[in-house]
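Visitor: First, the structure itself, so that you have it in front of you.
The values are calculated or read from the model by the stated rules, or taken from the named source; none is laboratory data. None of the values given here were measured: they were computed from a predicted structure. Ideal geometry is used to build each Cβ from the backbone, glycine not excepted, and the neighbour counts take in all protein chains shown.
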Amino acid sequence: MRKFLKWILSGLYGLVMIEVIIMISPFAFYWYSLYAPTLQHLHRWRATAWMEAFFLPHSVITTSPTLEFVRWRVGTYAFSLGILAAFISGIQVYATKLLKRNAALSWMYSRIRHPSYLSLAVAGFGLLTIWPRIIILILYLGMLIMYFFLARFEENQVEAGHPEYAEYRRRTAMFIPGNPGGKLFKLFFGWIRNPALGRAAAGVVIVVLVLGGALSLRRYTIGHSATTLLPEDRTFAIAIWPMPQEKIEQVVGIALRDPRVRSALEKEPGAAFTAHLLPADYGMMNMFADVGTDHRMFSHLSPHRFKYLLGFVFPFCEHHQKNRIMGSPQENYKVVFSRVDEPGRPDLALSKVVDLTAKMTPVVIAEIKGPSPTLQDVVIPPRRSFWGDITMPMF
């Protein structure tokens, strides 16, 4: 039973990690060729398409210091420190086995009974804030619940073979020093006589609160992004870096007045569009459109690609990660116009562009440069991102 639970947990943790890791690895294109069909399948129905949505900012810089702190500090450091703590905890456990001691009860284990599971949960939380898809949040919640049951199962086994473990179990918190989770459970669910029923009720409440919180964070993110609505052009404009609404309207207006841009949009009758103002040095252009980057990643392996990956594992060694990813505020832009659809709704109302089930498809890209903005070039990209026809973050 224990091995079975561990296999399930390993699978859940892998699903939580895989999309984040493959997005930042040198082998991303090949991994996504296997993973993308799953996301495409989810988007066929409105009942499941919402799980592909993002609930925290990823492609934009918001005006909220709290959101930016969570993204650039809490998330990356939680992942790094969680992995480091799990590694240290593992060393302690295996050292105890090599020295043939009964159990690891010192150092980290003197404060909590399951530091390894807590460390992996912290690292998973970090990954969740880096790539905040709702389906990743759901898998993360499932992973935490499985950790709890696996920990209880392991403790019962240890106590059966080592009765002295009961005293250690009584005086040591399970996951967090002080056992705040247990105290909250007794406060809100202690009145339920059946323990199993109480845990089930607590689980349901936690899932509802977490998903509700995620949806609230999504609305907060949208409300703190630099956007403007252009109803006459059926376009919702979004700036990557915060800028005045007048500037957004000026840049997008220049693009819309070009006959090539106008012609491309007119080929999408009844459609609603997003117009993302990307800095010229924006590092995630491929999320919006495939602009010709070579897919043969194995032929272009370089230390720089692995340095980029290590920047997520050791963020304290990387001081320019934000600008390398998000570009920098400047006067040169790539304005990416994307058609927005929902399952069963090809002609979407402009008011529904930010719906949970909305997905962008690139239509045309206008390159605009200079302090007095002028249009330099127009590109008609393939109708996909670099990763294929899957939902990418709008914010």
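Visitor: Yes or no: ARG199 more than 29 Å from the chain's Cα centre (by Cα), modelled with pLDDT of 85 or more and on the phi < 0 side of the Ramachandran plot?
Guide: no
Visitor: Okay, moving on. Quick one: which strands (runs of 3 or more DSSP E) lie wholly within segment 203-295 and hold at least 1 residues that are within 29 Å of the chain's Cα centre (by Cα) and under 16 Å from PRO362 (Cβ atoms)?
Guide: Those strands (runs of 3 or more DSSP E) span 235-239, 272-279.
Visitor: Turning to a different aspect of this structure: Given the conditions (1) loosely packed, with under 14 Cβ neighbours inside 10 Å; (2) over 23 Å from TYR140 (Cβ atoms), report the number of the one that ARG219 does not fulfil.
Guide: Every listed condition holds for ARG219 apart from (2).
Visitor: Given VAL205, VAL158, which one is farther than 30 Å from VAL60 by Cβ, exposed (fewer than 13 other Cβ atoms within 10 Å of the Cβ) and not assigned by TED's automatic domain parsing to the domain that holds THR357?
Guide: Checking each option against the conditions leaves just VAL205.
Visitor: Give the residue that is farthest from the chain's Cα centre (by Cα), with candidates limited to residues of segment 156-179 that are assigned to a helix (DSSP H, G or I) and of a type in the set (D, E, K, R).
Guide: Among those that are assigned to a helix (DSSP H, G or I) and of a type in the set (D, E, K, R), it is GLU167.
Visitor: Do you know which residues across segment 142-197 are among the small types (Gly, Ala, Ser) and more than 16 Å from PRO115 (Cβ to Cβ)?
Guide: Let us first name the residues in segment 142-197 that are among the small types (Gly, Ala, Ser), namely 142, 151, 160-161, 166, 173, 178, 181-182, 190, 196.
Within segment 142-197, GLY142, ALA160, GLY161, ALA166, GLY182, GLY190, ALA196 qualify.
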